[in-house]
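Below is one structure, written out as structure tokens, with a few remarks after it.
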Amino acid sequence: MLEARLPQASILKKIVESVKDLVSQANFDCSDSGISFQAMDESNIALSSFLLRADGFDPYRCDRNLSLGIKFASLSKILKCAGNDDVVIIRYMDDADILSLVFESPNNERISEFDIKLLDIDSEYLSIPDQEFECKVKMSSSEFSRICRDLMTIGASVVIDATKEGVKFSATGDDGSGSVLLKQSGSIDNEGRGVVGTSVEMVEPVSLELSLKYLNNFTKAAPLSDSVAINMSNGIPVMFQFDVGDIGYIRYFLAPQIKD
Amino acid sequence: QSQQGRLDSFFKVS
């Protein structure tokens, strides 16, 4: 059986909102180390994944490895019934075909329970090797959202150029072109003002062209984290990571566009 | 002109 109590429903709500438009259904893999998932979009261009470590739950119990097939549209609708500050308890009894979600209000005076039907999903699994990236950019997630939104008004794709100076996002379209340069700033710490600067750690300058449609989907994870890490190497898929506090992360991999 | 790459051309699918 699985029983996992997450102190704040808002975390699960935000996670589901940030993947539901990219993936319609996927297996949640549960083990004694936590709950994870990975799935590609239908066109095999983007991979979404997340991990919530067992220590992010209190308590967490998973007796054996489970693969629970979930339809994201259903889970999203059910999670809308939870208050942001509700406690959510995820429960699965062995050999059942449903997953139970219990929402408890902060004062424990309102307890709601929803069951979601599980699916039998035969999904493809991508083996992503542990790799060292040539360039690691860390920047404000809200800044990242703004840049993707702004450049979408110009073109369908963005070129990300990372150099020692900083990181530049450029788009070109039929009506013109636009670019935003973020210079490296001294500290990426919040420094109590909620402002996250930009840092670029690099072995080599990297230049990649990516679809803005996908990047705009990834920005739905921005409410989970003040910062986003963009890990890039020339010519291979980019990894975007949004940390979920210190209990896990959401990662997206996006295949770059290739020059003919 | 550029063409959209696919993840399965970079990673092993199982």
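Extension gain for A:Met1-A:Asp97 works out to 33.3 nm (0.36 nm per residue, less the C-alpha to C-alpha distance). Relative to the current alpha-carbon distance between A:Ser43 and A:Cys81, full extension at 0.36 nm per residue lengthens the span by 10.5 nm. Going by neighbour counts of Cβ atoms within 10 Å, the residues A:Thr172, A:Thr153, A:Thr198 line up, fewest first, as A:Thr153, A:Thr172, A:Thr198.
Computed on region A:4-80, with alpha-carbon pairs under 8 angstrom and 6+ residues apart, the relative contact order is 41 percent. Label-to-label distance, A:Lys183 versus A:Ser123, with points set 7 angstrom from Cα along the beta-carbon direction: 4.4 nm.
For the residue pairs A:Lys71/A:Lys183; A:Lys138/A:Lys259; A:Lys77/A:Lys259; A:Lys80/B:Lys12; A:Lys183/A:Lys220, alpha carbon separations beyond 31 Å are given by A:Lys71/A:Lys183; A:Lys77/A:Lys259; A:Lys80/B:Lys12.
In the elastic network of chain A, a GNM with C-alpha springs shorter than 10 Å, the most mobile of A:Asp130, A:Asp97, A:Asp21 is A:Asp130. Derived scalar couplings between HN and Hα for region A:200-210 equal 10, 10, 9, 9, 9, x, 10, 9, 9, 9, 10 Hz in order, rounded to whole Hz, by the Karplus curve 6.51 cos²θ - 1.76 cosθ + 1.60 (θ = phi - 60°), x for Gly and Pro.
For region A:132-168, the list of GluC sites (Glu not before Pro) that fall in a loop by DSSP and count at most 14 other C-beta atoms within 10 angstrom reads A:Glu132, A:Glu165. Scaled against 2.2 N^0.38 Å for its residue count N, the alpha carbon radius of gyration of region A:1-129 is 1.02. The distance separating the Cα centre of region A:204-256 from that of region A:1-22 comes to 19 Å. May I ask for the percentage of alpha-carbon pairs in chain A that lie more than 24 Å from each other? Here the tail beyond 24 Å accounts for 51 percent of pairs.
Just so you know, the Cα atoms of region A:124-260 work out to an Rg and Dmax of 14.5, 47 Å.
Take the Cβ atoms of A:Ser24 and A:Asp174, set R0 to 30 Å, and the FRET efficiency comes out at 0.40. Comparing mean-square fluctuations of A:Leu75, A:Leu224, A:Leu181 from a GNM of chain A with C-alpha springs under 10 Å, the top value falls on A:Leu181.
Sorting A:Glu17, A:Glu201 by the number of Cβ atoms found within 10 Å of their own Cβ, with the fewest placed first, yields A:Glu201, A:Glu17.
Among A:Cys81, A:Cys135, A:Cys62, sorting on how many other beta-carbon atoms sit within 10 Å of each Cβ, with the fewest leading, yields A:Cys81, A:Cys62, A:Cys135.
In region A:1-70, taking the dipole from charged Cβ atoms about the Cα centre, the farthest positive-side position among A:Ile70, A:Gln8, A:Ile35 is held by A:Gln8. If you wrap the tightest convex hull around every Cα atom of region A:1-65 and split its volume per residue, you get 80 Å³.
Coordinate-derived values only; no laboratory data. Remember, it's a predicted structure, so these values are computed and weren't measured experimentally. Note that each Cβ is placed from the backbone with ideal geometry, even for glycine, and that neighbours are counted across all protein chains shown.
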